[in-house]
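Rule-based calculations on the coordinates, nothing more; no lab input. Worth saying up front: this structure is predicted, and the values here are computed from it rather than measured. All Cβ positions, even for glycine, are placed from backbone atoms using ideal geometry, and neighbour counts span all protein chains on display.
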């Protein structure tokens, strides 16, 4: 057994200098520290993962096999179908557990419309053109009794050409049993509309895995939603709260299609960065997760809590082919409601994977998804052991608004970076990842997309010297840049041809403090980036830390429509054009697989009231695929628990540093950086790095096998190399068997 | 030709409006589990973003259903909720455990709650129109009915909504329509008078409409606004909040005298107020914003917000009450979501509280250590910088004080430390200064005695002459003459054509340039212009536009009233009349850099002289150019100003009409395009 109290002491003593405020405890001992008065409410809130119950789920009470016939079978699974409505049953042969896309609706509080929705395999909405406007109408296979199904059985499943009775919209659904699940397809090419009826959305098997919850919950378990870092929505009895529907677009809002304005007092909530959801019936007993591999760029995840219109928890993907939007006809209020003219040309493909036993939980889903990603994209999983790296993001130059001309604030020079890197190395921080932001002549904000040349205070030679030094130390270094925005006043892009346009025809803008920018067309991004490649090559730049390109995904609708899936392809092409290493800030799935480093991993979900837990789904899924770094510790607001969370989630630390005082950044767009001076941070970095490294290096290179909540606020992480981390978030020492875990500390058990 | 130009112009305008972009995309995303931004009071009453002060950590009534609760109060480790819809009071521990229900079957519409140190529970029931007292076991102990004293007034409403109780057992009640102020009763229910009455507002708009619209009731309706809620500190001082008035957050002494007014009142409806042990003031508004003030009423933090439909932890639907416990945790009750959310302060808040506390106690050394730490953690927090400035000031570290005051943009502090530094500098350099002055005088005498001075002047004579006779120098001469002998200068402008229109135009732009330059030079003590926010176009309109408008209006009026001057005379004369400003504005700006607020009068007096002088010169210019008598000139100037206003109004109306036209064309084109497309 390996104790790390010594490091805790070191951490508490030095980091308290700045962050915990031990100054106060030195002066008045009787005043409790922040961490002393954490209540139980905190650990039972959705900021933390909740303990599991040990209830056994032996069968799925909603689902019966009567009326279903087997169409395919393998060692693990058996697929049944009912040819009337194409509803399916999947029997897990290992446990005998049966999953169903529908259920017997006779005893339920459901009207005719709802019964049709539950029973049908596919449920669409469409826009019907009338003289005055277009109505939104929904239809499922059994809505009218007029639908025709032309079903053929295939080797591993079935294919059915569906003609919806009322709308006459046609599409082809095919379901195939795979080794560990299902593959469900609706090819875009198979969709046919009519003159008056145009397809809006498609939902496939929306009630697969539905759970009934009234005063009691039928089946204990949860829905996994990859919201932010990952959230669970546990099945709860109806009662205390009326929860709202969860509905979020995958990969955030498409700025090209949707208008949205957030109050200036609020912060944008984290979105969905992986196209996936999971349903667990009995933790570590029965589960499946659905992964959308086609159509994800124009789909959303919708999840209904029980009590919201029905008594069921149910979750599904909705592929959006057309939207209705308000086309402004005047600059103030006037607008007409219009339906999107061109369809979003995407296939729908959902891969369902059924998990059993120890794998049937969010950790198992993350690990399985991890393996499938490796397989799909032919990735190499990194199993480095040893010291963990720390990301040091240096701010070099920032812009400051002036009366006639903007001025520049130089807060760090290349020689400062050299001395900081060296001194941290001598002080024991051996592994460093260096990121430089604001290296361009126009400073950090407002450069995009025009980055050349290097800023003048250090100059080209200064940067060359720095890179040479870092190469000698074998530290990777990354230049921060953003090629998706065209700042007003920055060169390098053409306002007439290079802007992305909304469906309403206007360009779209954003602003950072006083500086406004346009979003650039993905094609323009690619072109501009390509022009800079030789600059990077000539200057020995082997790493780029790109903002926004992996995260913000939008369509453009000028003369030609450029849809989100095309944007993805264009962005991937852009990233692949660079031969060096790529770091991305909060990237989406498609970009993660094209990158090497993942910056600013979220620590929480959006904490909607319907969520019951925060779980580290994203860090687990991408573990080993990319190096994952936290948001800069400078911005942490819950110390020291955020440090514990970093270790719990297996994420590496990050810091924003400057040589000069951050007070120089006042009145600049970086004024939110309120503390970054290296002199202030040196001791803290060393203490925190030492603490985190000592723990994380014991599990480096191993996957997490299980994550168990011993009691609210106490986590037990078991890794594949049999190392166990006990994490105590609470302010009291905790005893587990013979083991005592100090308050706000971690115990590492090595085999 | 003209038509073509108009058409092209219109097309251009339409094209530009089409491409105007509308969407602003929020750049930052919530990654720390906090859905709102936190602001603090920055420079020029601008709220600036700062580190997170409070983190939402969960819901107090996880396992207990409340029904439209309206008020909340913390006392001795218990949280009491006025569960209005449920007609009772619910007690929780601070850990979120349900303890008990009080007043079920008795209460009707409990709107307000207060609990004393002795755990007597006072409930203001709007439905019953009573104030009821319970003990902690739930026994109904006492009831305060409507006072019967004549002083209270038979017609005065008594609908208790919010209540506090002082250590002597006196109760303070607010309620619907309690315009007379807070009802104060002693422990026996004897009415003792109204407390904390707001001032009746003098409203120009109302007075105006009273004069013109002859609606006589209006003025009578101008009653003082009623306080919406109140709180009492550990020291027994009562605080009130009132919406929609400038001094909405006030602290009273026992005699109902205002002893402190918060420096910033939120614009939204104020909902609840509570005071913590440090005498920090917490105010909640109906937009879900929580404001924390220190005991001097300075805004420390503002955070929170309304939920947009996803029910995010930390946001509200209809927040109705706030309370703070001994550890500084906040509990906010929400009528819309029927829940109580808990917020923990970050270490940042705790440090500020302690820093302030030691500072107010006069323990400067301890306080200094805390503020210095805080400054490291957040170099831009202006209250810390201000406090450090004060501390350094007291310990005589004037340079450091100046630095921190400047960071805090604390003008008074800056001025004081600047005075000290300048004083020291003068003391240290008095000898040198004296020597320099004496030697200059000596040099002058020596030069004069030896005749060198004459020789020097002689040798410069030719270059000076060449310079002064140069073409471009003529306007300079006239400017100089304007100072010495205005009538003569105007004579030259008018009769001798001594200056060209071109030179006048140059001077207009020079003036504009000098004004902008003066913004940049003027010491921040005397400048209230934020350089970064200056809009050059606006400044140009303000300086040159107004002057030209003046010229045009004056010309129009004077042609009607037998003025002699042509437009070009007025155009030229006006700018030359501003010679004092042209000559003086930059030296004045430079002067501001060596002055502190102690000598502020020097600055303002000089400025007054410069502007008044220019005013007089303008007057003389008008008089001379048009050859008016004194009275005629006054009449002309008054009419000119009136005309300027009329022209401005006309231009505004034309602008509006033009906008309407553009709007119409825009809609037309756009709609046609859409109809064609679909």
Subject >> Using alpha-carbon coordinates, inclination of helix A:678-699 to the longest axis of chain A, degrees >> reply: 50 degrees
**OP:** Starting from the Cα of residue A:214, step 7 Å along the direction of its Cβ; do the same at residue B:538; then give the gap between the two resulting points in nm.
**Re:** 6.4 nm
Original post:
What Kirkwood radius, in Å to one decimal, follows from the Cα pairs of chain B?
Top reply: 31.5 Å
**OP:** Obtain the nm distance between the two label points defined at residue B:199 and residue B:45 by a simple spin-label model: each point lies 7 Å from its Cα along the Cα-to-C-beta direction.
**Re:** 1.5 nm
Original post:
Where both residues lie in the stretch A:631-727, what percent of DSSP beta bridges are antiparallel, nearest 5?
Top reply: 90 percent
**OP:** Place a label point 7 angstrom from the Cα of residue A:69 along the Cα-to-Cβ direction, then list the residues of the stretch A:145-161 whose backbone nitrogen is under 17 Å away.
**Re:** A:149-161
Original post:
How many percent of DSSP beta bridges within chain A run antiparallel, rounded to 5?
Top reply: 80 percent
Subject >> Projected label distance in nm at residue B:597 and residue A:738, using a 7 Å step from Cα toward the beta-carbon >> reply: 7.0 nm
Subject >> Residues A:76, B:100, sorted so that the one with the fewest Cβ neighbours within 10 Å comes first >> reply: B:100, A:76
**OP:** Treating the angle as unsigned and between 0 and 90°, give the value, to the nearest 10°, between the Cα long axis of helix A:5-15 and the longest Cα principal axis of chain A.
**Re:** 70 degrees
Original post:
Which FRET efficiency value, to the nearest 0.05, do you get for residue A:407 and residue B:412 by plugging their Cβ-Cβ distance into 1/(1 + (r/R0)^6) with R0 = 30 Å?
Top reply: 0.65
**OP:** Please give the FRET efficiency for residue A:153 paired with residue B:67, using the beta carbon to beta carbon distance and R0 = 56 Å, rounded to the nearest 0.05.
**Re:** 0.50
Subject >> Between the stretch A:443-508 and the stretch A:65-110, the Cα center-to-center distance that results, in Å >> reply: 55 Å
**OP:** Give the distance, in whole Å, between the Cα centre of the stretch B:110-165 and the Cα centre of the stretch A:187-221.
**Re:** 55 Å
**OP:** Compute the FRET efficiency between residue A:456 and residue A:560 as 1/(1 + (r/R0)^6), taking r as their Cβ-Cβ distance and R0 = 35 Å, and round to the nearest 0.05.
**Re:** 0.30
**OP:** State the Cα centre-to-centre distance between the stretch B:585-633 and the stretch B:421-478 in whole Å.
**Re:** 27 Å
**OP:** Can you tell me how much longer the chain between residue B:647 and residue B:502 gets when fully stretched, taken as 0.36 nm per residue apart minus their C-alpha distance, in nm with one decimal?
**Re:** 49.6 nm
**OP:** Translational diffusion coefficient, Stokes-Einstein: compute it for the stretch A:482-579 using the Kirkwood radius over C-alpha pairs as Rh, at 10 °C and 1.306 mPa s, and state it as an integer in µm² s⁻¹.
**Re:** 114 µm²/s
**OP:** Using the number of other C-beta atoms within 10 angstrom as an exposure proxy, rank B:192, B:454 with the fewest first.
**Re:** B:454, B:192
**OP:** Can you tell me the relative contact order of chain A? Whole percent, Cα pairs under 8 Å, sequence separation 6 or more.
**Re:** 14 percent
Original post:
How do A:694, A:589 line up, fewest other C-beta atoms within 10 Å first?
Top reply: A:694, A:589
Subject >> Potential lengthening between residue A:261 and residue A:531 on full extension [0.36 nm per residue; Cα-Cα distance subtracted] >> reply: 93.8 nm
Subject >> D (Stokes-Einstein, µm²/s), Kirkwood Cα radius, chain A, 1.306 mPa s at 10 °C >> reply: 57 µm²/s
Subject >> Residues in the stretch A:555-579 that a label on residue A:496 would reach, taking backbone N under 16 Å of a point 7 Å out along Cα→Cβ >> reply: A:559
Original post:
D for the protein assembly as shown, whole µm²/s, Stokes-Einstein with Kirkwood Rh over alpha-carbon pairs at 20 °C and 1.002 mPa s: what number?
Top reply: 58 µm²/s
**OP:** Only Cα pairs under 8 Å and at least 6 apart count here; give the relative contact order of the stretch A:644-747 as a rounded whole percent.
**Re:** 18 percent
**OP:** Mind checking B:57-64 for the average number of partner chain beta-carbons within 10 Å of each residue's beta-carbon?
**Re:** 5
**OP:** Rounded to the nearest 10 degrees, what's the angle between the helix B:364-377 long axis and the longest principal axis of chain B, both from Cα atoms, 0 to 90?
**Re:** 80 degrees
**OP:** Please list the radius of gyration and Dmax for the stretch B:470-659, considering alpha-carbon atoms only, with Å as the unit.
**Re:** 17.7, 51
